[in-house]
Amino acid sequence: MKIPDNQLLKSFLEHDENKRILDHYCKNPSKHNKEQLDNAFKRFYFKIRSLSYFSKVLPFEAVKFDKKIKKYKDYHLMIIDRPLNRDYDTSDNTLIDYLEDTSTNLKNVHSTKLQDHINDLDIETALNYLTPKQKNILYYSFVMEFKDTEIAEMLKVSQQNISKTKKRALTKIRRELDVG
């Protein structure tokens with residue numbers, strides 16, 4: 001039997017089981033054998049269509065997933081209790097480990113400067129790149145433990161402004177820690 005010059009049929013007949021079903025149908029052309037051949041081809045064709053669909057959709061879904069992850073990481077930029085993972089610091093130290101406990105250090109109890117509450121020299125150096133407004137917001141947020149809405153009321157700005165300013169400040173600190 002001559003096989004037509006059709007790539008789909010050639011691929012179908014490359015499988016021994018499909019070739020066996022076709023040979024069986026050619027030798028015994030019955031309704032049952034025809035249904036077996038048709039069902040085998042339908043399964044094969046379904047697999048081909050599925051693979052084609054997934055190979056086209058997968059790259060787009062991967063890009064969409066990457067965008068979702070990037071958006072999440074940008075939104076949750078620096079968590080105070082997340083490990084810093086600096087190259088020279090192999091421990092799992094977090095940013096909160098470098099903040100001084102003001103309850104045991106009386107010289108800092110009345111200090112309103114953020115630098116007075118930092119133990120790590122790298123972070124203290126990174127704070128020098130912040131504006132006074134950014135330093136104040138970080139002080140109120142992390143030292144005084146105020147919520148963004150409370151800081152916004154105190155500084156007479158919107159909560160969104162506080163959130164964006166804090167995010168920019170943390171981004172600057174992270175960038176300086178990565179560069180330094």
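Of note:
- Using the Cβ-Cβ distance between residue 161 and residue 57 with R0 set to 45 Å, the FRET efficiency from 1/(1 + (r/R0)^6) comes to roughly 0.65.
- Two-site FRET efficiency, residue 9 against residue 64, from Cβ-Cβ distance with R₀ of 30 Å, rounded to 0.05: 0.25
- Within straight-line reach of residue 71, meaning a Cα separation under 27 Å, sit the following lysines at least 8 residues removed in sequence or on another chain: 56, 133, 135, 147, 164, 166, 167, 172.
- For peptides 28-37, 137-146, 66-75, sequence by mean Cβ density within 10 Å, most packed first: 137-146, 28-37, 66-75
Laboratory data are not the source of any read-out in this text; all were calculated from the coordinates shown. A quick note: this is a predicted structure, and the numbers were derived from the prediction, not measured. Quick reminder, even Gly has a Cβ in these numbers, built from the backbone with ideal geometry, and neighbours come from all protein chains shown.
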